């Protein structure tokens, strides 16, 4: 679907890269004063890397601007993203003496609890560098927060990028939609149901989507295992797709994978319902693996799922027939492992 006159990069995003250490197989939440043993563990790049890897694995040429420490954690994350996933890190930078942020995530009872540590990265010096000058791309992904807005988002929109945004939890408790200044630059806004209902003062996700569609061209509300719903405020089109039941191992990064799937379908020009279905499918496939970034599926995994899809889902996902490569076996994927690397053997 690419036009030769369009930018050479499909998607740009920025944020903080964490080293994620994920514990799974916990029977319950850790109890104070005791030691808990996890049956599974994985390590992988996290934070904004979850979204970047999900986009790249779906075939989008992805550019990431982030700070990386010059420690072993930072080196591992840089190599995993650039060499392992083919992500363009030319807008990123290594910072001497700055240690990489770390998140420990514990998955249990279908939820997760996280503990993070890190320090703000020093701002880049000199004019003409990000965040003042984001590259020209077909799309950009942003995480919104209350405040005066980020200039790079407005600049990306002025350059023709289609901006997709999610949002984090409002620690202030005000949930003021008007405080999300960058929403005016966005083509699509994709909060979860809890966030959407708080921002719109509504009592159900569908009502929240309708209210948000008055503020942004396309409003998508994710509803976890119940699926997602969306309203296109420009055309009045609505869509709702139920979730796919899977044996979930770790929900880390599922929301990021959903956004990546929706961006992919939007850039390809698919109908709204197909975009929701594809985004939900990719998110469902991701929770069956450890971690966030390295759990994201690519087209081989989508193809493998489609060949064995349950009969009751064949009609809803029939659009995959023209998209997945016929008979292609799943290719090898890097997955999260308990450590960040082994010494080579000679």
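Counting only residues that are within 18 Å of the chain's Cα centre (by Cα), under 27 Å from residue 5 (Cα atoms) and at pLDDT 95 or above, give me the strands (runs of 3 or more DSSP E) lying completely in the range 61-176 with at least 3 of them.
Because the criterion is at least 3 residues that are within 18 Å of the chain's Cα centre (by Cα), under 27 Å from residue 5 (Cα atoms) and at pLDDT 95 or above, the strands (runs of 3 or more DSSP E) in the range 61-176 that meet it are 62-65, 139-144, 162-167.
I'd like to know if the range 43-57 contains one or more residues that are at pLDDT below 95 and part of a loop (DSSP other than H, G, I, E, B).
No, that holds for no residue.
From the list 239, 181, 225, pick out the single residue that is surrounded by fewer than 21 Cβ atoms within 10 Å (Cβ to Cβ), over 23 Å from residue 52 (Cα atoms) and at pLDDT 95 or above.
Testing whether each residue is surrounded by fewer than 21 Cβ atoms within 10 Å (Cβ to Cβ), over 23 Å from residue 52 (Cα atoms) and at pLDDT 95 or above leaves just 239.
Only residues in the range 131-158 that are at positive phi and free of Cβ contacts under 8 Å to residues at least 60 places away in the same chain count as the first member; pair them with residues that are in a strand (DSSP E or B) and surrounded by fewer than 24 Cβ atoms within 10 Å (Cβ to Cβ), Cβ under 9 angstrom, at least 6 apart or cross-chain, and list the lot.
Partner pairs satisfying both residue conditions: 147/180; 149/180.
Considering only residues that are more than 27 Å from residue 136 (Cα to Cα) and either surrounded by 15 or more Cβ atoms within 10 Å (Cβ to Cβ) or in contact with a helix residue (DSSP H, G or I) (Cβ under 7 Å, 6 or more places away or on another chain) (or both), which ones fall in the range 31-70?
38, 40, 41, 42, 43, 44, 70 - these are the residues of the range 31-70 that are more than 27 Å from residue 136 (Cα to Cα) and either surrounded by 15 or more Cβ atoms within 10 Å (Cβ to Cβ) or in contact with a helix residue (DSSP H, G or I) (Cβ under 7 Å, 6 or more places away or on another chain) (or both).
How do the pairs read when you match residues in the range 253-274 that are at positive phi with residues anywhere that are surrounded by 24 or more Cβ atoms within 10 Å (Cβ to Cβ), using Cβ under 6 Å and keeping only pairs 6 or more apart or on different chains?
253/50; 253/292
Does residue 225 qualify as being farther than 28 Å from residue 57 by Cβ, out of contact with any strand residue (DSSP E or B) (no Cβ under 9 Å at 6 or more places or on another chain) and assigned to a helix (DSSP H, G or I)?
No, not satisfied.
Take the residues in the range 317-346 that are outside any loop (DSSP other than H, G, I, E, B) and surrounded by 12 or more Cβ atoms within 10 Å (Cβ to Cβ), then tell me which one is modelled with the lowest pLDDT.
My answer is 337.
Please work out which one of (1) part of a strand (DSSP E or B); (2) surrounded by fewer than 15 Cβ atoms within 10 Å (Cβ to Cβ); (3) touching a residue at least 40 places away in the same chain (Cβ under 8 Å) is the condition residue 8 fails and give its number.
Of everything listed in (1) part of a strand (DSSP E or B); (2) surrounded by fewer than 15 Cβ atoms within 10 Å (Cβ to Cβ); (3) touching a residue at least 40 places away in the same chain (Cβ under 8 Å), residue 8 misses just condition (1).
Looking only at the range 280-296, how many residues end up being touching a strand residue (DSSP E or B) at 6+ places or on another chain (Cβ under 7 Å) and part of a helix (DSSP H, G or I)?
Summing the residues that are touching a strand residue (DSSP E or B) at 6+ places or on another chain (Cβ under 7 Å) and part of a helix (DSSP H, G or I) in the range 280-296 gives 3.
What residue, of 300, 310, is without any contact (Cβ under 8 Å) to a residue 60 or more places away in the chain, surrounded by 17 or more Cβ atoms within 10 Å (Cβ to Cβ) and out of contact with any helix residue (DSSP H, G or I) (no Cβ under 8 Å at 6 or more places or on another chain)?
Of 300, 310, the one residue that is without any contact (Cβ under 8 Å) to a residue 60 or more places away in the chain, surrounded by 17 or more Cβ atoms within 10 Å (Cβ to Cβ) and out of contact with any helix residue (DSSP H, G or I) (no Cβ under 8 Å at 6 or more places or on another chain) is 300.
The values are calculated or read from the model by the stated rules, or taken from the named source; none is laboratory data. Only a predicted model underlies this, so the values are computations on that prediction, with no experimental measurement involved. We place every Cβ from the backbone using ideal geometry, glycine too, and count neighbours over all the protein chains shown.
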